[in-house]
Amino acid sequence: MALSLAGLTSCEMDSPSISSLDESSVFSVYSLAESEIMSIHVSFGETNSYRGRFLPYYGINTDCEWINTPTYADRLADKYALANYATAPGNGQMNSETNAYAKFYEGIERANLAIKGLRQFGGIETRPEMAQLLGEALTLRAVIYNDLIKAWGDVPARFEPNTSENLYKPRCNKDSIYKILLADLKEAEDYCYWPNENAITRTTERVSKAFVKGLRARIALYAGGYALRGDGYRRSKDPELAPEKMYQIAKEECLDIINSGRNHLGSFLDNFVKLCKDDVTAGGESLWEIPFSDGRGRVLFTWGVRHQTADQYTKQPRGGVNGPLPTLFYDFDVDDVRRNITCVPYRWGAKTDGPEASVNKNGTNYTINIVPQVISNPTTMYFGKLRYEWMNRYVTSDNDDGVNWQYMRLADVYLMAAEAVNELDGPAAAWNYMKPVLDRALPAAKVSALQSKYTASKTAFFNGIVDQRAFEFAGEALRKADLVRWGIIDEKMAEAKAKLTRLAKREGEYSDLPEKVYTKLYEADMAIPESAELFDPYNKPVAGETIIIYGMNHGDTDDQGSAMKDDGFASKGWFLSSGEPRITDDIINGLYVQTPSMNCLWPIWTYFIGVSNGMLNNDGNYGQLSD
């Protein structure tokens, strides 16, 4: 297919073609066929694909995450509008022939070509390594289609390579696509190796049987859940996608992964440190990662802790585009190890905050500033799961850091299993799959208390799943799709605004918080005052660089904080600035500006409607089809 046709199709692909004369050669030789599978990955990393558009914007603005910092006044600005449930078809970040929608279909076309070629010429019945490649192609295509459906709902279904006869296609009911994906992944399970069962699956950058099964479980939960449809926000009416059937699939797949023993949880912290250090060894918590080269991927740029300048950890002044709602920090149990890893109330300082120095990184000399951590404010906190300071490399690209996007990890499998087992077998049985996730996060006594609370009923356990998935996965772009499929997105988003309002005024559950925070830079061998916090859980505190913060915990007081000034602590108005709330009504109302359930999908962009030969539109609920 000529590249010039990319802008003319309703699937908007832009991929190299493989002629019929070449197919038999390409897909009968492992190294050549493997290169075709790797070409699918290229579509993930292109500028406006997953890298710079989908991963930063689709999963943000939930009840625990937002773009730093949304406002109602800026609701029409392109970047905010991608997240605030008021996205227009002409959005300037997306309305072009090279955006994520186009690149997704580019990846699908590459997968379609590989699937066709491997089936015809790969000898998959007798060559297990070629069968593995077919399983990878089927799985990568399912990844892309699942994300297309999450973002755009009903989309054109393309499961064969493009031809002049199928160039233009209308939207297809998402349920029919879900059924194809579930069948494809069931087939792929038979082809793919478990992690470390073969040299191919020794890294988390290659598809393994564990990821295939985990993805099939995730898609089953989406297919059996709520979604925006042509006649409203509801579950599917297709009996093949009935909730109990989808829960059964999720249960079976997740238990297969857990019982295989091929992957292990480890510690919550170590999973993210390993990710930042480019450790892609399979068998740990990570099941599959979108692989980015050193000069690709805006993962830390978007989801990491903010660095204001080129400093001792990064050559790029980046990070902190997205962050946690401040309510999330205060809703964590104070003893939950996930809190200080997930939610960071500081940034790394400006040039004026530290002295200039010369450093050598990767054989190159750089002139940088040695800067300290600087307290931020409640409307601009950062996700701390991804940190430049944990990396082995020195990031020099303007925007890209090359850290992989962790698409699925084992904790998700445990909590999907817990959710499905609760629905099918009840909370007592389900607890066995929630417990390992909580055991590494909380003291034993508090885990026991949650067991009593959550296993009281199926409803209580479901509510526990809702809470724990927020605490476990905040900052990983899973929450929005969870809220949609559970059918509670309107309720939880309204609740988030109400909680932000109470936090701004320190009312209700936030009434025991002090008005100010008190900070001091760590000094060598100093004792950390009781209730003060260090948010650097991996590296040892560095004198003059690492900040100590008091005033972030329930029960802290301004009286105690003021007394710490004698020890060199400085105070900052945390909730008030010049006597006015930092968390303003304008910020709160910027979280979402239209009903989330009826606006949870992106429209198909104007450009693609214009070149669709009349096949595509955004009528009704963005053109969703009734079934």
Worksheet, complete the sentence: For Glu187 and Glu97, extending 7 Å from Cα along the Cα-Cβ vector and measuring point to point gives, in nm, a value of 3.2 nm
Worksheet entry | 19 Å Cα-Cα threshold exceeded, pairs from Lys505/Lys572; Lys79/Lys174; Lys520/Lys572; Lys213/Lys453; Lys520/Lys540 | Lys79/Lys174; Lys213/Lys453
Worksheet, complete the sentence: In the chain, taking the dipole from +1 charges on Lys and Arg beta carbons and -1 charges on Asp and Glu beta carbons about the Cα centre, the listed residue (Ser28, Ala474, Leu167) farthest towards the positive end is Leu167
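Going by average Cβ neighbours within 10 Å, how do the peptides 448-454, 49-55 rank, with the highest at the top?
On the way: 448-454: 15.0, 49-55: 24.7.
Order by mean packing, descending: 49-55, 448-454.
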Discussion item. Spelling out what I want: for every residue of region 392-403, take phi, set θ = phi - 60°, compute 6.51 cos²θ - 1.76 cosθ + 1.60 (Karplus), and round to whole Hz; glycine and proline get x.
Written reply: 8, 8, 9, 6, 10, 5, 4, 10, 9, 10, x, 6
Practice prompt. Starting from the Cα coordinates of region 295-348, work out the convex hull volume and express it per residue in Å³.
Written response: 90 Å³
Worksheet item: Residue-wise, which Karplus ³J(HN,Hα) couplings in Hz belong to region 371-376, taking 6.51 cos²θ - 1.76 cosθ + 1.60, θ = phi - 60°, and x for glycine or proline?
Response: 10, x, 6, 10, 4, 9
Response to the item:
With +1 at each Lys and Arg Cβ and -1 at each Asp and Glu Cβ, the charge dipole magnitude of the chain around its Cα centre, to the nearest 20 debye, comes out at 380 debye
Discussion item. Of Gly555, Pro529, Asn463, which is farthest towards the positive pole of the chain's charge dipole, taken about the Cα centre with +1 and -1 on the beta-carbons of Lys, Arg and Asp, Glu respectively?
Written reply: Asn463
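Leaving ligands, DNA and RNA out of it, report the carbon-plus-sulfur percent of the accessible area of region 136-178 at a 1.4 Å probe. Can you show the working numbers first?
On the way: 540 of 980 Å².
Whole-percent figure for carbon plus sulfur exposure: 55.
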Worksheet item: If the cut-off is 16 Å between C-alpha atoms, which aspartates and glutamates fall inside it for Lys245, apart from same-chain ones fewer than 8 positions away?
Response: Asp175, Glu253, Glu419, Glu423, Asp425
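Which of the helices in the chain meet the span-like rule: DSSP H, Cα axial reach of 18 Å or more, Kyte-Doolittle mean at least -1.0? Each step should come with its number before you reach the end.
Numbers: long enough: 30-45 (23 Å, 0.53); 100-121 (31 Å, -0.22); 128-152 (35 Å, 0.42); 174-191 (26 Å, -0.48); 209-223 (21 Å, 0.52); 243-260 (25 Å, -0.50); 410-425 (21 Å, 0.63); 458-473 (22 Å, 0.00); 489-505 (24 Å, -0.59).
Qualifying helices, which must be both long enough and hydrophobic enough, are 30-45, 100-121, 128-152, 174-191, 209-223, 243-260, 410-425, 458-473, 489-505.
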Discussion item. Cut-off under 14 Å on the C-alpha distance; same-chain residues fewer than 8 positions from Lys274 excluded. Which aspartates and glutamates are left, in chain and number order?
Written reply: Glu205, Glu285, Glu289, Glu389
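Run the helix sum for the chain: -39,500 (n - 2.57) per DSSP H stretch of 4+ residues, divided by residue count, reported at 222 nm to the nearest 500 deg cm²/dmol.
On the way: 22 runs with 252 residues, N = 627.
Calculated from helices alone, the mean residue ellipticity at 222 nm is -12500 deg cm²/dmol.
What relative contact order, as a whole-number percentage, does region 381-539 give when Cα pairs under 8 Å and 6 or more residues apart are counted?
Working: 72 pairs, mean separation 21.8, N = 159.
Relative contact order, region 381-539: 14 percent.
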Worksheet item: How much accessible surface does Glu580 have with a 1.4 Å probe, in Å² rounded to 10?
Response: 120 Å²
Worksheet, complete the sentence: Excluding ligands, DNA and RNA, the carbon-plus-sulfur percentage of the accessible area of region 269-337 with a 1.4 Å probe reads 48 percent
Worksheet item: Can you give the accessible area of Asp256, probe radius 1.4 Å, in Å² rounded to 10?
Response: 70 Å²
Response to the item:
region 107-123 and region 434-459 have their Cα centres apart by a whole-number Å value of 46 Å
Discussion item. Apply the Karplus curve 6.51 cos²θ - 1.76 cosθ + 1.60, θ = phi - 60°, to the phi angles in region 154-165 and return the couplings in whole Hz, x for Gly and Pro.
Written reply: 6, 9, x, 9, 10, 10, 9, x, 5, 9, 5, 7
Worksheet entry | Compactness of region 469-627 - radius of gyration and Dmax, Cα, Å | 22.8, 73
Worksheet entry | For Leu287, distant residues with modelled amide H under 5 Å away | Met408, Arg409, Leu410
Worksheet entry | Among Thr352, Tyr366, Ser397 - extreme Cα towards positive end, dipole of region 318-445, charges at beta-carbon | Tyr366
Worksheet item: Taking all protein chains as present, what is the carbon and sulfur share of the accessible area of region 516-627, in % to the nearest whole number, probe 1.4 Å?
Response: 47 percent
Discussion item. With just the Cα atoms defining each centre, how far is region 513-565 from region 290-365? Give it in Å.
Written reply: 19 Å
Worksheet item: Which whole-number percent is the relative contact order of region 102-183 (Cα, under 8 Å, 6+ apart)?
Response: 31 percent
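Return a whole-number percent for the relative contact order of the chain, with Cα pairs under 8 Å and 6 or more residues apart as the contact set.
Values: 1264 pairs, mean separation 121.6, N = 627.
For the chain, the relative contact order is 19 percent.
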Item to complete: Round to the nearest 10 and report in Å² the accessible area of Lys435, as given by a 1.4 Å probe over the protein chains' heavy atoms.
Response: 80 Å²
Worksheet entry | Under the Debye formula (equal points on every Cα, no solvent term), log10 I(q)/I(0) of region 58-160 at q = 0.10, 0.18, 0.20, 0.23 Å⁻¹ | -0.42, -0.89, -1.00, -1.18
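Kirkwood hydrodynamic radius of the chain from all distinct Cα pairs, in Å? Don't skip to the end; give the middle numbers.
Numbers: mean 1/r = 0.0394 Å⁻¹.
About 25.4 Å, per the Kirkwood formula over Cα pairs.
Using the Cβ atoms and a cut-off under 12 Å, what net charge is assigned to the surroundings of Val273, where Lys and Arg are +1 and Asp and Glu are -1?
Neighbour charge sum, excluding Val273 itself: -2.
How many Å² of accessible area per residue for the chain, probe 1.4 Å? Numbers along the way, then the final one.
Values: 21850 Å² over 627 residues.
For the chain, the solvent-accessible area averages 35 Å² per residue.
The values are calculated or read from the model by the stated rules, or taken from the named source; none is laboratory data. Because the structure is predicted, anything quoted here is derived from the model rather than measured. Note that we place each Cβ from the backbone using ideal geometry, even for glycine, and neighbour counts take in every protein chain shown. The area values use the complete protein model at the heavy-atom level, side chains included, leaving out ligands, DNA and RNA. Shrake-Rupley method; radii C 1.70, N 1.55, O 1.52, S 1.80 Å.
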